[in-house]
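First up is the structure itself, then whatever we jot down about it.
The values are calculated or read from the model by the stated rules, or taken from the named source; none is laboratory data. Just so it is clear, the structure is predicted and the values come from calculations on it, not from any experiment. FYI the Cβ positions are ideal-geometry reconstructions off the backbone, even for glycines, and counts take in every protein chain you see. With ligands, DNA and RNA removed, areas are computed over all heavy atoms of the protein, side chains included. Shrake-Rupley method; radii C 1.70, N 1.55, O 1.52, S 1.80 Å.
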There are 2 protein chains.
Amino acid sequence: MAMDGVKALVFDVFGTVVDWRTSVARQASEFFAKHGVQSDGFAFADAWRKQYQPAMTEVRSGRRPFTRLDVLHRENLLKVLPEHGVDPSKLSEAEIDDLNRAWHRLDPWPDTVAGLTRLKTRFFIAPLSNGNIVLMANVAKRAGIPWDAILGSEVSQAFKPQPEAYLRTAEVLAMRPEEVALIAAHNNDLAAARQCGLRTGFVPRPTEHGPNQKTDLRAEADWDVVAESFTDLASKLGC
Amino acid sequence: MAMDGVKALVFDVFGTVVDWRTSVARQASEFFAKHGVQSDGFAFADAWRKQYQPAMTEVRSGRRPFTRLDVLHRENLLKVLPEHGVDPSKLSEAEIDDLNRAWHRLDPWPDTVAGLTRLKTRFFIAPLSNGNIVLMANVAKRAGIPWDAILGSEVSQAFKPQPEAYLRTAEVLAMRPEEVALIAAHNNDLAAARQCGLRTGFVPRPTEHGPNQKTDLRAEADWDVVAESFTDLASKLGC
């Protein structure tokens, strides 16, 4: 069976476990409505997310010390609000913090909790995300995601695809890299994990970026397992 | 009400959440029986635990870099086995590892899971232990302890009662120290937490060290809340 010898499944979260785009768009739309602003929630979610990789690149490059994602998200929020008709200086700190915590209130995909609940019977399950611990924990608490542990980026002090993000996670689990499998909807994340010796599983999320998504629609390498959903993954792994 | 403004309850684990002594003694007795050794499981558990603070003192003092508890436990195990009639050189590495993982198979006190399940409805709940993440996670998985996150010592890179253990935990939770309360059966742990600005709750575990326990039988300061059990704590905190 695929995944022989694997003891832990670790999961990419944004896009793979949760539908960040719809969740952020919904909350942004509510925010705009409350503040009488005519802006599109989806466009805003995309713009906010577009700042995600550049912000982490500053840390990955060493130009900036490790900074947790909540802080980067908030800086990025202040950058994108003006482009969407909101003057941040007119908002209270509490209002900005609350909107920033939209990332703590992300909804799982419909198959996520059912699949993870089955997978947990045979495997140790944990997130392997660039998100910080309290972000991951708040998402899980609200959505009922049954993680065995929350391994946030504070543990590895690194952002994927830096090798430390994968290797330090295996080390904390007291497992060899090949005893850990990354499950992700992103081929580049899986490629970086494989490079570090982890096993790999692909689950497509073809609407992560909306109805016209062009990337990551299918497995682009011979990943150890490819499944249609988390429940299909559970079936394929005998759970 | 006690704990107004508190958002997270963090818990000492060894002794407060789980009955380490009975659990380790049971597993040691099984080990001795299997290996035909006449030794007492409880005496062995006490001897093993007696090495716990001295091993951490090496790290706290800076004489040794941060080392996770699984590693310290294993070194201590090799020290105490000969005093109990077992020659470690006659054991396989796998046998030693398995006995060392007795600390991953600790049973909760009878009120633990029921109390935490109620407390979780109002508070963010997490361990604040000197144990490492995978140890905490394996204990929780086996016992059904419903933590919202596992904050192991790898996160703080410090052992209680070092201030960093408490302060870094609050920082990771993105909370001010006074928004976090430590729940513990040990007065000295609570004193160190209060020193750092955390709130405090005492739950006695009068048989943690066996039937003749002399220490920590009652609250020795005006902790913010004192309860008889985790379920009593839940009632006192309105859960």
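The figures follow:
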item	result
Where only C-alpha atoms are counted, convex hull volume of chain A per residue in Å³	117 Å³
Computed over segment B:20-104: relative contact order in percent, which uses C-alpha pairs under 8 Å that are six or more apart	32 percent
Solvent-accessible area buried by pairing A with B, both sides, nearest 100 square angstrom, 1.4 angstrom probe	1700 Å²
Ascending list, in nanometres, of distances separating the A:Asp98 label from those of the other copies (7 Å, Cα toward Cβ)	5.6
FRET efficiency, 1/(1 + (r/R0)^6) with R0 25 Å, evaluated for A:Gln195 and A:Gln51 via beta carbons	0.40
Total charge dipole magnitude, the protein assembly as shown, about the Cα centre, Cβ charges on Lys, Arg, Asp, Glu only, Debye to nearest 20	100 debye
Gaussian network model of chain B, Cα within-10 Å springs - most flexible of B:Ile183, B:Ile150, B:Ile96	B:Ile96
For the protein assembly as shown: span of alpha carbons on each principal axis (Å, largest first)	75, 55, 40
Segment A:162-239 - Rg over Rh from alpha carbon coordinates, Kirkwood radius	1.00
Between helix B:20-34 and chain B: long-axis angle, C-alpha atoms, 0 to 90°, nearest 10	20 degrees
Percent of alpha-carbon pairs separated by more than 20 Å within segment B:20-104	30 percent
Rg followed by Dmax, in Å, when segment A:68-113 is reduced to its Cα trace	12.8, 40
Segment B:174-180 - phi-based ³J(HN,Hα) in whole Hz, Karplus 6.51/-1.76/1.60, Gly and Pro as x	6, 10, 6, x, 6, 8, 10
For B:Ser29, solvent-accessible area (1.4 Å; no DNA, RNA or ligand), Å²	50 Å²
Charge dipole magnitude, Cβ of K and R +1, D and E -1 - segment A:92-201, Cα centre, debye nearest 20	480 debye
Most mobile listed residue (A:Gly131, A:Gly152, A:Gly144) in chain A, GNM with C-alpha springs under 10 Å	A:Gly144
At least 20 Å² accessible surface lost relative to isolated chain, residues of segment A:133-149 (1.4 Å probe)	A:Ile133, A:Val134, A:Ala137, A:Lys141, A:Asp148, A:Ala149
Positive dipole terminus of chain A, leading residue within A:Tyr52, A:Phe123, A:Leu233 (C-beta point charges)	A:Phe123
Filter on A:Lys50/A:Lys214; A:Lys141/B:Lys141; A:Lys7/B:Lys141; A:Lys7/A:Lys236; B:Lys90/B:Lys141 - keep pairs with C-alpha separation over 21 Å	B:Lys90/B:Lys141
Sequence-separation-based contact order of chain B, relative, with Cα cut under 8 Å and 6+ spacing, percent	26 percent
Cut-off under 5 Å, modelled amide H: who pairs with A:Leu182 long-range	A:Val10, A:Arg199, A:Thr200, A:Gly201
B:Glu178, B:Glu154, A:Glu30, reordered so the largest accessible area comes first (probe 1.4 Å)	A:Glu30, B:Glu178, B:Glu154
1.4 Å probe, heavy atoms, protein only - residues of segment A:162-208 losing at least 40 Å² accessible area vs chain alone	A:Val172
3J(HN,Hα) from dihedral phi, segment B:37-42, Karplus parametrisation 6.51/-1.76/1.60, rounded to Hz, x for glycine, proline	9, 8, 9, 8, x, 5
Solvent-accessible heavy-atom area per residue, rounded to whole Å², over the protein assembly as shown at 1.4 Å	40 Å²
Segment B:1-46, relative contact order in percent, only Cα pairs under 8 angstrom and at least six apart counted	33 percent
Cα centroid separation - segment A:99-137 against segment B:26-88, whole Å	36 Å
Phi-based couplings in Hz for segment B:193-199 (Karplus 6.51, -1.76, 1.60; Gly and Pro marked x)	5, 4, 4, 8, x, 6, 7
Given charges at Cβ of Lys, Arg, Asp, Glu: segment B:20-104 dipole, positive-most of B:Ser92, B:Thr67, B:Gln27	B:Thr67
Estimated [θ] at 222 nm from DSSP helical runs (n ≥ 4, -39500 (n - 2.57)) normalised by residues in chain B, nearest 500	-12500 deg cm²/dmol
Residue with peak Gaussian network fluctuation, chain A [Cα springs, cutoff 10 Å], from A:Ala227, A:Ala192, A:Ala43	A:Ala43
R0 of 22 Å, Cβ-Cβ distance B:Glu58-B:Ile96: FRET efficiency to nearest 0.05	0.60
Carbon and sulfur %, accessible surface of chain A computed with the full protein complex present, 1.4 Å	52 percent
Charge dipole (debye, nearest 20) of chain A; +1 at Cβ of Lys and Arg, -1 at Cβ of Asp and Glu	180 debye
